[in-house]
Each structure stands twice: as C-alpha cells, then as structure tokens.
Amino acid sequence: MQTNIDAALLAISLDRAATEPLHMQLTEALRRLILSGHAKPGARLPASRQLAQDLSVSRQTTLTALDQLVAEGYLETKQGAGCFVAKDLPHLAPPDPTPLPRPEPSQPYRPFHPGIPDMTLLPHATWARHLDRAWRHPHPDLLSAPNPLGWPALRAAIAAHLKAWRGIDCTPGQVVITSGATETFELLSRSLMQRGDRVLIEQPGFAPMRAALTRSGLSLISMGLDAGGAVLPETADARAAIVTPSRHYPLGMTMPLPRRLALLDWASRSDAWIIEDDYDSEFRYTGTPLPALMSLGAGQTIYVGSFSKLISPALRLAYVVLPPTLVEPVGRALAETGPRASLIPQPALAEFMESGAFATHLRRMRRVYADRQQVLLAALSRHLPNHLRADPDPSGMHLVCRLGPALSGISDTAIARRAVNAGLTLRALSAYWPEGDGPQGLVLGYAGFPPDQLEDAVQRLARVLQDGKAPVKT
C-alpha cells in the first residue's frame with residue numbers, strides 16, 4: 001500500500017505556468033489520489049519537507065495543501081507520527097478496483113523441442129556462488145561504463161575454452177560478447193557488409209539467421225548440400241559464406257577436410273569472409289570434438305558460438321571470434337547501438353569457466369545426452385518401427401527421422417500439427433527450407449528430456465500416428 005502511494009505522489013505534475021497557485025494544484029492532486037483509491041485510508045504521506053523536495057516546490061506550498069486537506073477531513077495528523085489519509089471516509093471510498101489479470105505462467109518445453117539443454121542438471125549451487133561472489137563485492141569496473149565488447153575476464157575464459165576444445169588459437173581481444181546468434185549476425189551484417197551484398201547460406205539452415213540477414217538488406221544465395229555438407233556454387237561471387245561445418249543444421253553431416261580447405265581457398269581468392277556457426281559441436285559422443293574451421297584459417301574466418309545450448313537459452317549470452325583486422329570495425333558498429341548482452345551474468349560465467357566447473361558440466365552433459373539419444377532410438381524402434389526411421393548420430397542434440405511406409409501419404413507438417421494435441425513439439429523437416437518444400441521427415445530433440453519422459457513421449461506419438469482419426473489442430 002505504501003509503495004503505491006509513494007509512486008502516485010511522484011507522478012504528480014504541477015504546472016508552474018498556470019494561473020492557479022501551486023498550493024491549490026497540489027491540494028487538488030492529493031484530493032484526486034484519495035478519491036480514486038490510489039491513496040488508501042490509513043496510508044502515511046511523506047513528511048512535508050520530503051514531499052516538497054520530491055515535487056521541487058517550497059515547503060510552505062506543501063504545508064498549505066496538507067493543512068487544507070486536514071481541514072476538509074481527507075487527512076488526519078498524529079502527534080509525532082506524521083500525516084495520514086483519514087480512515088473514516090465511507091462516503092468517499094470507491095469500489096474496490098477490478099484486479100488485473102495475472103499473466104499466463106510460462107510453459108515448460110515439451111518433448112521433442114529441438115536444441116534445448118537440460119537446465120535442471122546445471123550445478124545451480126555452484127553457479128549461484130559465482131553470481132553471489134561477483135555482485136556481493138563487485139569489481140569497480142562492473143560499476144563503470146561497460147566495455148561494449150564484453151567483460152574482459154569472460155572474453156579471456158572463452159578464448160581459453162576455444163583453444164582447449166576447438167583448437168582455435170585466439171586472443172581475448174578477438175572475442176566479442178553478444179546477446180545471441182541473431183544479434184551476432186545482425187552485428188556482422190552492419191559492420192562488414194553493405195545492403196545488397198551477396199551472402200552464401202546453406203539450404204536448409206537456421207531460420208532466425210536467414211531472417212536477420214534479410215532484415216539487413218543482404219542478397220541471400222543458397223548453397224546445395226550433399227553428404228559432405230555445403231557445396232560451393234561454380235560461380236561463387238559473394239561477400240561472405242555462412243556454414244555449419246562441424247555439424248550441419250539440421251541434417252547433421254560433417255564437412256570433410258578437403259572441402260574445408262577448398263572453402264578457405266575460395267575466401268582467400270575472393271577476398272570474402274567465412275562465418276562459421278558452431279552451434280553445438282561440444283556435444284560429440286564419439287572421440288573428441290572436431291577442430292573448428294577457424295583453426296585451419298583464422299585470417300578469413302569468423303567464428304560464432306553461444307551458451308544457449310551449453311547452459312541455458314535464458315542466459316542470453318553468445319560470442320563471436322574475429323580476425324584481428326575486424327575487431328575495430330565491429331567494435332565501432334557495436335558502440336553505435338550499445339551492448340545488448342546483459343553484464344549481470346558475465347563475471348559469474350567467467351568464474352564458472354575459470355574454475356573448471358564449466359568443462360566438468362560439458363563432459364557430464366555429453367554422457368547424459370549420448371544416453372538419451374540411445375533411449376530415443378530404442379523407443380522409436382520399439383513403438384514406431386514402420387513409421388519413423390533414424391540412425392545413431394555421433395553428435396548433436398536432435399535426431400532427424402525419415403518417414404516410414406506406415407506414414408505414406410501423410411505430410412510431415414500434418415504430423416507436427418497432429419502431435420500438438422498429444423503435448424508434443426515436433427519440427428517438420430520440410431519447414432527448414434524457405435518455401436517449406438524440403439524432403440519429408442521429423443526433427444526430434446532429445447537433450448532436454450529425461451529417459452522416462454522420452455519413452456512416454458514416443459508412446460504418445462505412437463498413439464497419435466497409429467490413430468488415423470486423431471484430430472489435427474490447425
């Protein structure tokens with residue numbers, strides 16, 4: 001109640017150019033607050049000196065207004081306690097306001113939402129300690145104007161992580177913190193390219209990236225795919241090429257070394273940039289993660305990474321590693337708009353990484369996700385052998401399933417719509433193509449869901465697919 005009246009008092013606006021005296025304007029404003037119910041009976045008003053200071057008027061103005069309302073019975077004073085809204089105003093009390101509807105509570109991710117990590121397995125107590133330590137006694141730089149490129153300790157921790165896990169030899173000065181992959185692509189578009197420039201992209205690919213590039217006015221040229229990933233067109237005249245060489249999104253193939261070297265050679269000859277989107281390569285279940293493309297040719301390659309799949313989408317932190325020559329132009333572009341990535345979690349994440357807890361968490365999640373992939377494959381084989389077919393994948397957080405003979409004549413988009421009624425989130429493979437005309441299949445995410453939930457979800461999907469009369473939600 002007190003918070004409401006304080007906020008209402010601060011919202012009072014007095015017109016110094018009006019002919020009506022300020023004390024009369026203030027009297028009327030306070031009277032309206034009481035009659036409207038914003039100042040509840042029994043609520044304590046600030047001291048006259050404090051009210052005068054808040055409203056930038058003289059104390060005499062506030063005393064005159066308060067005395068008038070005391071005389072009218074709207075206010076009452078208590079010796080040594082201050083001034084209060086009178087409690088005995090039954091004929092003035094408005095009806096109770098209609099309570100505002102509460103916002104809808106957030107809904108949990110539903111199986112088989114792709115690309116979602118299991119956030120319940122994050123070592124929350126450890127993370128909380130790092131967050132508490134960073135802000136209970138903050139470093140002086142945290143209270144200063146933030147560096148638009150990101151918290152220096154986090155940039156250093158990312159550089160160390162990439163050297164150990166991805167074979168990238170970069171300095172902290174080459175690392176820029178962003179709020180997500182979408183901002184990263186927008187930032188690179190502003191700083192490195194001009195409207196109308198041609199950019200090669202994989203088809204299919206990451207839809208938000210395609211949208212960000214389109215908003216920037218770039219001309220998108222699709223690259224075809226084969227078993228080795230993206231294929232450069234014969235006449236590849238473009239300012240940049242954006243690829244996912246470690247694991248194509250969403251199909252999952254890995255670009256072989258000869259094609260990577262050919263791509264680097266094209267970039268060097270064409271004075272073009274390669275933007276390497278390395279979205280989940282840490283989750284490789286056989287052997288160590290493959291070296292990044294940037295580790296082969298740092299001069300023409302820009303590396304894009306994110307913590308959304310490694311820790312949580314709610315963290316809203318990502319990063320880009322730039323060749324040294326690009327740090328200045330990207331920094332200028334970022335300074336124009338200001339940083340979007342929140343500074344709050346950055347020092348905690350830096351400590352989380354420096355302590356070794358981040359690497360421990362990644363190794364644990366690799367084992368967990370590998371087991372969950374096997375659970376999903378076994379459940380599909382057991383309950384939907386003639387409906388969906390998928391092969392084991394050496395990496396990633398989702399499986400791409402082909403439609404079996406039992407689903408002949410049914411589109412993947414219709415299956416995805418039908419599954420909504422069973423509480424499932426399926427992605428139609430064909431929808432990853434811009435026109436929705438890609439090959440038929442389903443993309444099933446498994447990383448964010450425990451084994452019993454995956455087993456139950458496959459059984460629910462089986463009931464939907466085996467019941468031809470199941471309703472389709474449009």
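The values are calculated or read from the model by the stated rules, or taken from the named source; none is laboratory data. Remember, predicted model here, so these are calculated numbers, not experimental data. Virtual Cβ from ideal backbone geometry, glycine too; neighbours counted across all protein chains shown. Accessible surface is based on the protein model in full, side chains and every heavy atom, while ligands, DNA and RNA are left aside. Shrake-Rupley method; radii C 1.70, N 1.55, O 1.52, S 1.80 Å.
Observations
- Efficiency of FRET between Lys87 and Asp226 - r from beta-carbon atoms, R0 51 angstrom, step 0.05: 0.05
- Net length available on complete extension from Gln459 to Ile344 is 37.2 nm, with 0.36 nm assigned per residue and the Cα-Cα distance removed.
- Annotation: segment 320-375 has a Kirkwood hydrodynamic radius of 14.5 angstrom, from the mean reciprocal C-alpha pair distance.
- Excluding ligands, DNA and RNA, the accessible surface per residue across the chain is 48 Å² with a 1.4 Å probe.
- Vicinal HN-Hα couplings computed from phi for segment 339-345 (Karplus, 6.51 cos²θ - 1.76 cosθ + 1.60; Hz; Gly/Pro x): x, 9, 6, 5, 6, 3, x
- Segment Ser144..Thr360, full-extension length gain: 74.5 nm, with 0.36 nm per residue of separation and the alpha-carbon distance subtracted.
- Over the C-alpha atoms of segment 338-417, the Rg to Rh ratio, Rh being the Kirkwood estimate, stands at 1.21.
- Separation of segment 311-384 from segment 1-67 is 51 Å, based on Cα centroids.
- Per-pair calculated FRET efficiency, R0 = 30 Å: Glu28 and Glu76 via Cβ, rounded to 0.05: 0.95
- Rounded to the nearest 0.05, the FRET efficiency derived from the C-beta distance between Ser58 and Thr98 at R0 = 41 Å is 0.55.
- For segment 398-474, the Kirkwood hydrodynamic radius comes to 12.9 Å, computed from all pairs of different C-alpha atoms.
- Note on segment 191-249: percent of Cα-Cα distances in each 5 Å bin, starting at 0 and stopping at the bin with the largest distance, equals 4, 19, 31, 24, 16, 5, 1.
- Compactness check for the chain: Cα Rg over 2.2 N^0.38 Å is 1.31.
- In the chain, the portion of solvent-accessible area held by carbon and sulfur atoms comes to 54 percent [1.4 Å probe, whole percent, DNA, RNA and ligands not counted].
- Principal axis dimensions, largest first and in whole angstrom, of segment 231-368 by Cα: 46, 43, 23
- When Rg and the Kirkwood Rh are both derived from Cα coordinates, the Rg/Rh ratio for segment 74-183 amounts to 1.26.
- The helix-based estimate of mean residue ellipticity at 222 nm for the chain, built from -39,500 (n - 2.57) per DSSP H run of four or more residues and divided by its residue count, is -12000 deg cm²/dmol to the nearest 500.
- By average C-beta atoms within 10 angstrom, highest first, the peptides 48-59, 257-268, 16-27: 257-268, 48-59, 16-27
- For Trp165 and Thr126, the difference between the fully extended length at 0.36 nm per residue and the C-alpha to C-alpha distance is 11.8 nm.
- Protection-proxy order for peptides 412-422, 432-442, 291-301, each taking the mean of Cβ atoms within 10 Å per residue, highest first: 291-301, 412-422, 432-442
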